[in-house]
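Note sheet for the following structure.
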Amino acid sequence: MRVFGRRVEGGGTPEPGPARPRARANGGCQLGPAMDVEAAALGETPLPLPPLPSLLPVPDEPPPLEVLRPNSAPDPLLEGPMARIRTQVLERVDPVVAAELPPAQLREQLEALVHELADRERIEISAREQARIAEELAHDMVGYGPLEPLLQDESISDIMVNGPDNVYVERAGRLYRVDVRFRNAAQVAAIAQKMAATVGRRVDESSPLVDCRLLDGSRVNVVFPPLALDGPVISIRKFAKKKLDFSAMVQIGSMSPQVARICEIAARCRLNLVISGGTGSGKTTLLNALSRLIDHGERIVTIEDAAELQLQQPHVVRLETRPPNLEGKGEVTARDLVRNALRMRPDRIIVGECRGPETFDMLQAMNTGHDGSLTTIHANTTRDALTRIENMVQMGQQNLPVKAIRTQIASAIDLIIQIERMRDGGRRVAAISEICGLEGDVITMNDVFVFEYLGDDPSGRIRGRWVTPGVRPSFQDRLEYYGLAHAWMQALAEAQ
C-alpha cells in the first residue's frame, strides 16, 4: 500500500533572534557613586562614595541543550525549492492511508517521493536532507510535527512553545532553549488543536484555553489568541515512562531511606495524606509512588482535571472533569465527581489536585470512612497548606464558621508532605508534618522530618540531611492497629 497515487504539477522572512546577555567584567552590577546628602545641604562639596562591591556574582549561563541555529539564517527546509517540494509531497499523499502505515514504511515511501520530485525539479538535495524532509513530513502527518523528537526524549520533562521560533525544554530541573522551529504560527495552532482533539476537546479563538492530555498521559495546556498576544502557547508536562518508586527517589536524593520508610508506613496504614508544593515540584510523582503501596484488594476512585496518575492496582476507576461546551453547558467539575465518587463504594479516593470548592467534599470523604485518601495542593509550607485548604473550603461553604472548618481539617488529615524543586533543579521532600489536633482556634502540628541545608558540593548540587525530633505521633493507635508502630519509631531513631 502506497501513500501517494495521484500526480499534481506544480518562505517566511527570518526574524532576528534575541541578543544574548553579556556578563559584566566585574562579575556583577555595581552601584554608581553616591553623594553625601548632608554635606550637600551644608553647601560643602560632596565627595563621591566608593562603589559597593558586588555581593552576588553573575551565575554562569548553563550550556544549551543543542546548538541554536541563528534566527537570521533561513532554514532551507522551510523556504526556497525544498519548501516547494514539501508542498508537492503533501498534495500527493493520502492522509488516511498514511495514518494506517507503520512509521518506518511511511518514512521510506515519503523519502522515495521526495527523491522523485527533486529529480523532476532538478534540485540538488543530499540523502541526509531527503531523510530529514521525510521524517518531518511523517511527524506532521501522524505525530506532532517538530515537537515529536522532544516528546520522544525521555530526559526532557517539560516542553514550552512560546511561538514558531521560541521553544524551551526542561532537563534535569533546568530550562534550555532548543533548536526547534515551526513553519509559522498556523502550524503551532494546528498541532495544539490536534492535541486537544485526541481527548475530545477543542481550542480556538472562541474557546482559547484548554487543559488536555496526550495518549501517553502527558499533560498539555494551550492558550490561543487573543489571550496569548504572540501567538498560540503550548505547555507540555511530559508523562514519565519510567515509574519512580521510593527506592528510585532515594537514589536520586529526593528523600532519605528513613523518610521513604515513613512514607511507606503512612500509605500502608491508610493515613489521609496531603502532598503540597509548588508547580513542577514533583507532587504527582510522589503521589504515584505512594499509590504503589495501596493494597490490590481495595477499590480506588481517582478524580483529575487531566488524567495523569499511574496506578498499578487492578481495581481502579478513573474519572476526569469536563469543560463546558460552546453554549456554556455540560460542565462537570471536580466537586461533582467527588460527590459522585462517594456513591461508588470506594475504599480510597484520590483527587489529583484540590484547587477549589471540591476541597470541602474531599475533607468530607476523609471523615466518612474513606481512610487512606490522597490529594495534592499548591502551597509553600505545610502550615501554608492548611491555610489554603481553609480558604478553598470557604469558596464552597461561605457561611461555615472558621472553627468548624479547622475542626474538620484537624480530624480529616493525618500527614502533610511538603516537596520542593530547589535551586539546583532537584526535587526533594522538604518537610513531613503531622496534624495533632485543635487547641482553641489553632491547628497544632508536629514536624516528623525536616530537610536541613548543609551547603553545596563541588558540582553545585545541594547537600543536606533529613532531621527528626523523634516525637511519638498522635496516630499511634492507628500504627499499632496495623502492627507498624515499632517500624515507625525505628525509622525515626535511625535518622537521629
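The values are calculated or read from the model by the stated rules, or taken from the named source; none is laboratory data. All figures in this text were calculated on a predicted structure; none of them were measured in a lab. Because the Cβ atoms are built from the backbone with ideal geometry, glycine has one as well, and the counts that use them run over all protein chains shown.
Go through (1) part of a loop (DSSP other than H, G, I, E, B); (2) at pLDDT below 85 for residue 139 and report which single condition fails.
(1)
Hey, can you tell me all the residues within the range 473-493 that are exposed (fewer than 12 other Cβ atoms within 10 Å of the Cβ) and either within 30 Å of residue 425 (Cβ to Cβ) or among the charged types (D, E, K, R) (or both)?
Within the range 473-493, 477 is the sole residue that qualifies.
Looking only at the range 338-363, how many residues end up being assigned to a helix (DSSP H, G or I) and touching a helix residue (DSSP H, G or I) at 6+ places or on another chain (Cβ under 8 Å)?
The total comes to 9.
Considering the range 395-423 alone, what residues qualify as being farther than 26 Å from residue 284 by Cβ and among the polar types (S, T, N, Q)?
397, 398, 399, 407, 411
Condition first: in a loop (DSSP other than H, G, I, E, B), among the charged types (D, E, K, R) and either more than 24 Å from residue 380 (Cα to Cα) or in contact with a helix residue (DSSP H, G or I) (Cβ under 6 Å, 6 or more places away or on another chain) (or both). Now tell me which residues in the range 450-482 satisfy that.
Residues satisfying the conditions are 457, 472.
In this structure, does residue 407 turn out to be out of contact with any Ser or Thr (no Cβ under 7 Å at 6 or more places or on another chain), part of a helix (DSSP H, G or I) and surrounded by fewer than 15 Cβ atoms within 10 Å (Cβ to Cβ)?
No; evaluated as a whole, the condition is false for this residue.
Take the residues in the range 293-315 that are in contact with a Lys or Arg (Cβ under 7 Å, 6 or more places away or on another chain), more than 17 Å from residue 355 (Cα to Cα) and at pLDDT 85 or above; name whichever of them is surrounded by the most Cβ atoms within 10 Å (Cβ to Cβ).
The extreme case among them is 300.
Given the criteria among the small types (Gly, Ala, Ser), out of contact with any Leu (no Cβ under 9 Å at 6 or more places or on another chain) and closer than 18 Å to residue 267 by Cα, does residue 369 qualify?
Taking the combined requirement at face value, the residue satisfies it.
Hey, among 467, 448, which residue is within 31 Å of the chain's Cα centre (by Cα) and buried (at least 19 other Cβ atoms within 10 Å of the Cβ)?
Matching residue, one of 467, 448: 448.
Checking the conditions here, which among 179, 153 is within 29 Å of residue 226 (Cα to Cα) and at pLDDT 85 or above?
179
Before we move on, is residue 108 crowded, with 17+ Cβ neighbours inside 10 Å, at pLDDT 70 or above and outside the structural domain of residue 227 (by TED's automatic domain parsing)?
Criteria not met by residue 108.
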